[in-house]
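Have a look at the structure below before the remarks.
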Amino acid sequence: MNGWDVVGSVFVALGVFFIIMSAVGLLRLPDVYSRLSAVTKAATLGVVLILAGAFFLKPSWTAFITLALAAALQFLTAPVGGFALGRAAYRSKSPLAAQTNYDELATGEASAPVADDG
């Protein structure tokens, strides 16, 4: 096992860690907006770290170009998809978590307080 294999394995392990944390966030966070944030950020970083690890495990110019393109597409499409899902959830009136203090997208006021459901 050489240095590239160690670096590649560390990157893959970190990527798996971030994807697992994304799954935990999906299960544990209180509302759809928090869940989207966790999944979009952590899973994107996890996938990109795994792609980097794959490059270090099998380095070549072909692998570099392919994996760099895949990482760039991941960085471009995941935030846009997360935004679209969040906007759809908000427009369908998905409730905010009880801990949320302000709804900055509410019409009429820049930062309208969230109604207390309890």
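Any read-out appearing in this document is the output of simple, stated calculations on the displayed coordinates, not a laboratory observation. Keep in mind that this is a model prediction, so the values were computed, not measured. Every residue, glycine among them, receives a Cβ derived from its backbone with ideal geometry; neighbour counts consider all protein chains shown.
Axis of helix 3-28 versus longest Cα principal axis of the chain: the two differ by about 20°, to the nearest ten degrees. The phi-based Karplus calculation (6.51 cos²θ - 1.76 cosθ + 1.60; θ = phi - 60°) puts the 3J(HN,Hα) values of the range 52-67 at 5, x, 4, 5, 5, 6, 9, x, 6, 5, 4, 5, 4, 5, 5, 6 Hz, whole numbers, x for Gly and Pro. Annotation: amide H-H contacts under 5 Å for Y102 (H modelled 1.01 Å from N, sequence separation of 5 or more, or interchain): V114.
Annotation note: trypsin sites (Lys or Arg not before Pro) in the range 20-110 located in DSSP loop regions with a Cβ neighbour count of at most 10 within 10 Å are K93. All C-alpha pair distances within the range 3-91, sorted into 5 Å bins from zero, spread as 3, 16, 19, 21, 16, 11, 8, 4, 2, 0, 0 percent across the bins. If only the Cβ of Lys and Arg carry +1 and only the Cβ of Asp and Glu carry -1, the dipole of the range 3-91 around its Cα centre is close to 300 debye.
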